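Please read the structure below before turning to the comments.
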Amino acid sequence: MISNLIYAQVSNAKKPKSKEIQIPFEATRFDTTLQKVEFTTYKGVKAMKILPGNKQVILKGFNFTNGTIEFDTQPVDVSRGAFLSIYFRQQNPGESELVYLRCKPDETEQRNDAIQYAPILHGVNLWDIMGQFQAPALIHNTDWNHIKLVISGLQMRVYLNNSTRPTLEIPRLEGTASAGAIAFDGQAYFANLVIKPNETEWLSPTEGTDLTNHDINYIRRWDVSASQFLEKGRELIIDDLPKDTTKWQPIVAERRGLINLTRKFGGMENRGGGVQNKNRYVWLKTTIKSAKEQVAKIQLGFSDEVYVFINGGLIYADKNQYPQPIRKYPDGRLDIANSTFDVPLKAGDNQLVIGVSNYFYGWGIVARMMDMNCINILQE
C-alpha cells in the first residue's frame, strides 16, 4: 500500500518542464557506416529497419548525459530469438551502457531475462557477471514495444509498454562514462525517438543501497597478480602457483561482493597480440584467520574457471562455461549460488589462493564464508 501511494504521489505531482527533442529516423540523422539499414514508413510512421548484421547504428551529433529517452521498436523475425538494443553514454563501441530486449518466439512463457541491462567495459559485455540486472517483461513480437529510459547520474529506471511501475531498476550504472552517444542495434524496426535532456523524474543521481554491505561474510579484499595466458585446454596445477617473486596489487570488491576482473584486465574480446588460442588468467590471494582448527564452508560464484588452494593444497576446481553443458546455475552466469565447498582451516593464518581463468565474456568471483564462527577475514 505504501509503495502504491508513493507512485501515485509522484505521478500526480507537477513535473518540471524540459525541452523535448523529437528525432525522426531519417538517413541524415544516423551513422550507418558499419551497419546497413532501410529508412522507410512502417505502420504509418517514419522508421528505421536494421538489416542482418551485428553492428551499431549511431545517432549523429548527440551527447547524452542525463534525462529521458523514449522510442518504439518491433522485432523483424523472432524464429530464433532476437535482441533489440539501445546504447547510451557511449564513448566508443567498447565503452558503453546497454539495455536490450531478449525476444523469444513464444512470449507467453514467463521468464526473468526478457529485459536486461549490462555495461560494456574494454569491449566486453558484462551480462554474464551481473545477472542481477534483468527482469520479466511482456514483449510484443508483432507490434510496437515502447521503451522509456529515465537516467539520472548513477541510477536508471526502464519502463516497457507504458507500464506505471519500472520494468527494470538499476541502482548503480556500472559503465565508466557519464556522457556519450546513443546507438541502436538488432534486426528490428525503430521509430518515434524522443529525448528529454535532464528530465529525470526526481530519480536520485546517487547510487542506491547495496544490501550486501551489511553482510560481513563476504571476502571483499584480495591481492591480485598480473594477468597471464594459459594454453586452451590446460588447467592450473600446483606447479603454477604464484612464486615468491610474484608481484601483487590490492583489489577490492565492487557491489554485491564482486571482484570484477574484466574492469581491471579486460577480457577475451580485446586481448589481441597473437594469443587467440590462449585463455587469460590471474591469481587472487587473501588470508583467513581462524581461532581454531576447523572445516569451514565457502560459497563461490565465478566466471569462468577456478582453481582453489588453501595453504598450498588444491581443494576445489570447477568450470562455469556458457553455453556448455558444464555451466553452473543460473545458466552459466556468475552467482553466489554457483558452488559451495569445504575449506579446511588450521588455527592461525590460512592463505587462500584462487586461480581464475577467462573463457567467455566477463570474468571474476564472489566469495562468501557460510559461517564466521571463530573466523576473521580482511576487510576493505
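Below, the figures for the structure above:
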read-out	value
Separation of the Val45 and Lys60 label points, Cα + 7 Å toward Cβ, nm	2.3
Inter-label distance, nm, simple model (7 Å from Cα along the C-beta direction), Thr176/Lys346	4.2
Protection-proxy order for peptides 63-76, 358-371, each taking the mean of Cβ atoms within 10 Å per residue, highest first	358-371, 63-76
Folded to 0 to 90 degrees: helix 2-12 orientation relative to the chain principal axis, Cα	30
Prolate/oblate/rounded call for segment 198-292, Cα gyration tensor, a/c under 1.5 rounded	oblate
Per-peptide average of other Cβ atoms within 10 Å, ordering 118-128, 145-155 highest first	118-128, 145-155
Lysine pairs within segment 142-300, Cα separation less than 13 Å, 8 or more sequence positions apart or different chains	4
Theoretical FRET efficiency, 1/(1+(r/R0)^6), r = Cβ-Cβ of Thr164 and Glu207, R0 35 Å, to 0.05	0.90
Segment 37-92 and segment 113-149: distance between their alpha carbon centers, rounded to Å	14
Exposure of Met268 as accessible area (Å², to 10), given a probe of 1.4 Å and all protein chains	30
Accessible-area composition of segment 70-188, carbon plus sulfur, in percent [1.4 Å probe]	45
Average accessible area per residue (Å²) across segment 35-138 - probe 1.4 Å, nucleic acids and ligands excluded	43
Estimated FRET transfer efficiency (Glu26, Asn277; beta-carbon r; R0 30 Å; 0.05)	0.10
Förster radius 30 Å - calculated FRET efficiency between Val295 and Asp318, Cβ distance, rounded to 0.05	0.95
Lys232 paired with Thr108, simple spin-label distance in nm, labels 7 Å along Cα-to-beta-carbon	4.2
Shape of segment 62-108, Cα gyration tensor, a/c cut at 1.5	prolate
Accessible surface, 1.4 Å probe, highest first, among residues Asp349, Asp244	Asp244, Asp349
Lysines with Cα under 17 Å of Lys328, excluding same-chain neighbours fewer than 8 positions away	Lys319
Whole-Å distance, taken between Cα centres, linking segment 150-195 and segment 291-335	34
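The values are calculated or read from the model by the stated rules, or taken from the named source; none is laboratory data. Model, not experiment: these values are computed from the prediction. We place every Cβ from the backbone using ideal geometry, glycine too, and count neighbours over all the protein chains shown. Surface areas here come from the heavy atoms of the whole protein model, side chains and all, with no ligands, DNA or RNA. Shrake-Rupley method; radii C 1.70, N 1.55, O 1.52, S 1.80 Å.
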